[in-house]
Amino acid sequence: MTPLPDNPPSLIGEDDRDTAVRRLQEAYAEGLISHADLDTRLHRVLTATAPGELASVLAPLPEEPPATTATIGAAAGRIERRGVWRVPRNLKVESAYGRVRLDLSRAVIEYPVIDIELQLGTGGAEITVPRDAIVDLDGLHTEWKASRYKARLPSGPGGPTVRITGAMGFGRLTVRHARH
């Protein structure tokens, strides 16, 4: 196998590369690719400099089955999702102490409506939604500070609706639209 360069140039985010590595490892574990194929593809993922290179490595693999409900949580610390990740139809986020950061701007959203339920004690949350998303905060109860969100005029049809519900203790929710 060819040695990896010391400092490969990268226009690919760490999350994107990590997701590609995970998908290859899962394909190998399921017997979909051989050990030699795994090595070759991992090398291509780790040396890729453009998103198209990652896509070409993953294209022959079967699509990941979408989950419709998922819960992410932590007693303390930061909860963060960014880059390319698959958003379930229902996402529950639970944290007693800590900050939450969800970036949906590059996420794979397969549903016209997604529900995000926040159950947060102490700590704020920041959610970045796609540029064309419609945001509904009517089901969110905040104890301490009001949510920050400036609705954007729809630029056209087709954006997902992001419904944010649940309860926040001591912290503020900030929702913003992606710029691209």
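Data for the structure
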read-out: Amide H partners (placed H, <5 Å) of Glu126, local residues excluded; value: Val100, Arg101, Leu102, Thr174
read-out: Per residue, the convex hull volume that the Cα atoms of the chain enclose (Å³); value: 138
read-out: For Val113, residues with placed amide H under 5 Å, excluding near neighbours; value: Thr161
read-out: Restricting the range 41-104 to GluC sites (Glu not before Pro) in coil, as DSSP defines it, with at most 15 other Cβ within 10 Å; value: Glu63
read-out: Cβ-based exposure ranking for Thr68, Thr122, in which fewest neighbours within 10 Å come first; value: Thr68, Thr122
read-out: Hz values of 3J(HN,Hα) by residue in the range 92-103 - Karplus curve (6.51, -1.76, 1.60), Gly and Pro given as x; value: 10, 10, 10, 8, 7, 9, x, 9, 10, 9, 10, 10
read-out: Kyte-Doolittle mean at least 0.0 and Cα axial length at least 30 Å: DSSP H helices in the chain; value: none
read-out: Centroid-to-centroid separation of the range 70-108 and the range 16-47 [C-alpha atoms, Å]; value: 25
read-out: J(HN,Hα) series, the range 70-80, from Karplus relation 6.51 cos²θ - 1.76 cosθ + 1.60, nearest Hz, glycine and proline x; value: 8, 10, 10, x, 7, 5, 8, x, 9, 10, 9
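The numbers here are math on the coordinates, done by the rules we state, and not lab data. The shown structure was predicted, so the numbers you read here are calculated from the model rather than taken from an experiment. For neighbour counting, all protein chains shown are included, and Cβ atoms are generated from backbone atoms with ideal geometry for every residue, glycine included.
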